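Below: the structure, in structure tokens.
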Amino acid sequence: MDLLGESGGPVRIAGRELGRDELLGWASAVAAEIRGADSVAVHATATAETVAAVVGGVLAGVPVVPLPPDSGPAERAHILGDSGASLLLAAGDVKPAEGEPPLIPVDALPRNGSTRAQADAGDTAMILYTSGTTGAPKGVLISRGAIAAGLDALAEAWAWTPEDVLVHGLPLFHVHGLVLGVLGALRVGSPLVHTGRPKPEAYAAAAQDGGGSLFFGVPTVWSRTAADPAAARALRGARLLVSGSAPLPVPVFERLADLTGHRPVERYGMTETLITVSARAGGDRRPGYVGTPLPGVETRLAAEDGGPVPRDGETPGELHVRAPLLFKGYLNRPDATAESFTGDGWFRTGDIATIGPDGWHRIVGRASTDLIKSGGYRIGAGEIENALLAHPAVREAAVVGTPHDDLGEQVTAYVVADGVGETQLIDFVAGSLSVHKRPRVVHLVDSLPRNAMGKVVKTRLTP
Ligand code: MCA
Ligand code: AMP
């Protein structure tokens, strides 16, 4: 099955513009290099090389494993080792570390390839690494069919057509920036302007000079835009502003609506489920609500004992979803895959929601304090605790998300340690994990609050 649409506009990224034919010719040359591989890793900078490499994987029918380019050595080694990727696709100036797969220098490949392989809807297109509450990130297996179904549902919900010009500056190693933001444009056929980073002034310039009509951002991007009236006003000519990956604060929704003249469309999803719930281009948009299920998606709420929860718009429960766009499972983790589904086949999102009689969903929180959302990034407390505990001076560590005006939540660590300072610990974590996983705040404390079983009670953590 084909993931890409039959025709489409150019991709502009990092100051380069690739026409459709040039992109497909280049990606086909990548496909010729990787054909038959079990999976390939892509050093996923926001560049044309990344787009060509990912599309090359799609054309070759080879699963792509995007590597966050700033991931520290421990995280990178885990992703490469766990995925078993046999090749690394990157620009030629990237030097693989010892033990890493051999490099295919994407920039050195010709732009006139023609390799295409047959692939089925059930074949894995992407393996996206995402954090759980404990341990190292898990590889989420996403099929071609799920991506196609997810993108088609969004195109319908947002009236997204080749007439749109999609603009965003999100990272190319998550569902938001890569699946929606690159494959979405290539499937729908709309031109894409990637702004490098998602800065308000870059969005404003793309609206005015690039004809941008459809804009994607995480709430941090929209809150920064709302704080920059000149940039926000430049978006008045847009068609649709879409927010997702984390809760959009109501005051940001309202300020953005005042300045841009657009009530943003909010949508909710996960790496494991793609986007499942959204407001519609042609319908109502309500601050604080993420909309109604996309075509083909079923949702329900479950109480703590698994029992049903009324759809009264008030009673919260854990959100469960069932849909053709769900993931195939976690790579090498049948136990974790089984645990994430109920006995009757629904995926447990771990998010707490309400559903109104009219079907509108509101996300009110998460079941676990151990998953943090900072700037739209999903961060597992356990992974950071383990990184801190690797420091010889650290005896105990507990990590939580605390409110942050710009990022939604910030990573905050409580640490029992001897003779080490806060900054040293932040730098130590930065030495093994990605930039956004570094604690912003470290509290050195004498002890951690524990219950009778000896388990840390995170709700009782205070500086
Ligand atoms: C960061 N910095 C730090 C620390 N952390 N410095 C000291 N201590 C720390 N602990 C540095 C950074 O390196 C950066 O430096 C500077 O502080 C500012 O960082 P930050 O505040 O994080 O801002 P930013 O770099 O501008 O990033 C904000 C961002 C980013 C652009 C919104 O968080 C982002 O791209 N988020 C998108 C995440 C995303 O795509 N999620 C989708 C997941 P310097 O300036 O020197 O670099 S997919 C998903 O969720 C689903 C499916 C869905 O629903 O979409
Ligand atoms: P990730 O797997 O990185 O995509 O993170 C998925 C998580 O992001 C979900 O489980 C939610 O907790 C959160 N999330 C995504 N979109 C929204 C939204 N619109 N409102 C609130 N939370 C969201």
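From the list A97, A108, A27, A53, the one residue that fits, being without any contact (Cβ under 8 Å) to a residue 60 or more places away in the chain and open to solvent by less than 20 Å² (accessible area, probe 1.4 Å), is A53.
Scanning segment 75-94 for residues that are among the acidic types (D, E) and either modelled with pLDDT of 95 or more or open to solvent by 20 Å² or more (accessible area, probe 1.4 Å) (or both) yields D82, D93.
Within segment 260-285, how many residues are among the hydroxyl-bearing types (S, T, Y) and either away from ligand 1 (no atom under 14 Å from the Cβ) or under 19 Å from T220 (Cβ atoms) (or both)?
Total meeting the criteria: 3.
Within the option set L444, L448, being touching a residue at least 12 places away in the same chain (Cβ under 8 Å), open to solvent by 30 Å² or more (accessible area, probe 1.4 Å), over 29 Å from L67 (Cβ atoms) and not β-branched (V, I, T) holds for one residue only, L444.
Scan segment 392-414 for residues that are over 18 Å from H443 (Cα atoms) and within 16 Å of ligand 2 (Cβ to nearest atom) and jot them down. Give the derivation first.
So the first thing to find is which residues in segment 392-414 are over 18 Å from H443 (Cα atoms), and the list is 405-408.
Result: L407, G408.
Just a yes or no: is a residue in segment 158-166 of a type in the set (G, A, S), within 15 Å of D2 (Cβ to Cβ) and in contact with a Leu (Cβ under 9 Å, 6 or more places away or on another chain)? No, that holds for no residue.
Which residue, of A234, A257, is more than 10 Å from ligand 1 (Cβ to nearest atom), in contact with a Lys or Arg (Cβ under 8 Å, 6 or more places away or on another chain), of a type in the set (A, V, I, L, M) and outside any loop (DSSP other than H, G, I, E, B)?
Working: A234 fails: in contact with a Lys or Arg (Cβ under 8 Å, 6 or more places away or on another chain).
The unique qualifying residue is A257.
Among the residues of segment 351-391, those identified as more than 27 Å from D446 (Cα to Cα), among the β-branched types (V, I, T) and more than 15 Å from ligand 1 (Cβ to nearest atom) are I352, T354, I355, V364. Among the residues of segment 61-74, write down those that are open to solvent by less than 10 Å² (accessible area, probe 1.4 Å) and either of a type in the set (A, V, I, L, M, F, W, C) or over 16 Å from the mean Cα position of the chain (by Cα) (or both). Result: V62, V64, V65, L67, G72.
Against the condition within 16 Å of ligand 2 (Cβ to nearest atom), hydroxyl-bearing (S, T, Y) and more than 15 Å from the chain's Cα centre (by Cα), how does T134 come out, does it pass?
Values: within 16 Å of ligand 2 (Cβ to nearest atom): yes; hydroxyl-bearing (S, T, Y): yes; more than 15 Å from the chain's Cα centre (by Cα): yes.
Taking the combined requirement at face value, the residue satisfies it.
The lone criterion from (1) in a helix (DSSP H, G or I); (2) over 29 Å from W360 (Cβ atoms) left unmet by Y203 is number (2). Taking the residues in segment 222-237 that are farther than 23 Å from G365 by Cα and open to solvent by 10 Å² or more (accessible area, probe 1.4 Å) as candidates, determine which candidate is nearest to ligand 2 (Cβ to nearest atom). Result: A227.
Starting from residues that are more than 21 Å from R366 (Cα to Cα) and not charged (D, E, K, R), keep the ones in segment 254-268 and report whichever is most open to solvent (accessible area, probe 1.4 Å). Walk me through it before giving the result.
Narrowing segment 254-268 to residues more than 21 Å from R366 (Cα to Cα): 254-265.
From what is left, the residues that are not charged (D, E, K, R) are 256-257, 259-262, 264-265.
Working: L256: 0, A257: 20, L259: 11, T260: 2, G261: 51, H262: 27, P264: 1, V265: 0 Å².
My answer is G261.
For segment 282-341, a tally of residues being open to solvent by 30 Å² or more (accessible area, probe 1.4 Å), among the polar types (S, T, N, Q) and under 29 Å from V65 (Cα atoms) returns 1.
The residue that is nearest to ligand 2 (Cβ to nearest atom), counting only those in segment 186-210 that are in contact with a Gly (Cβ under 7 Å, 6 or more places away or on another chain) and free of Cβ contacts under 8 Å to residues at least 60 places away in the same chain, is P198. Screening the candidates I372, I384, I379 for the property of being within 16 Å of ligand 2 (Cβ to nearest atom), in contact with a helix residue (DSSP H, G or I) (Cβ under 7 Å, 6 or more places away or on another chain) and over 30 Å from S278 (Cβ atoms) yields one hit, I384.
Only one residue in I384, I352 is without any contact (Cβ under 8 Å) to a residue 60 or more places away in the chain and under 30 Å from G431 (Cα atoms). Which one? Steps first, answer last, please.
Details: I352 fails: under 30 Å from G431 (Cα atoms).
Checking each option against the conditions leaves just I384.
The residue list A353, A390 contains one member that is over 17 Å from the mean Cα position of the chain (by Cα), open to solvent by less than 50 Å² (accessible area, probe 1.4 Å) and among the aliphatic types (A, V, I, L, M), which is A353. Close Cβ contacts (under 6 Å, 6 or more residues apart or on different chains) running from residues in segment 359-375 that are farther than 15 Å from V457 by Cα and part of a strand (DSSP E or B) to residues that are near ligand 2 (Cβ under 10 Å from one of its atoms) and open to solvent by 50 Å² or more (accessible area, probe 1.4 Å) comprise R362/Y289.
The values are calculated or read from the model by the stated rules, or taken from the named source; none is laboratory data. No experiment lies behind these values; they were computed from the predicted model shown. Cβ atoms come from the backbone with ideal geometry, glycine included; neighbour counts cover every protein chain shown. Note: accessible area is taken over every heavy atom of the protein model, side chains too, but ligands, DNA and RNA are not part of it. Shrake-Rupley method; radii C 1.70, N 1.55, O 1.52, S 1.80 Å.
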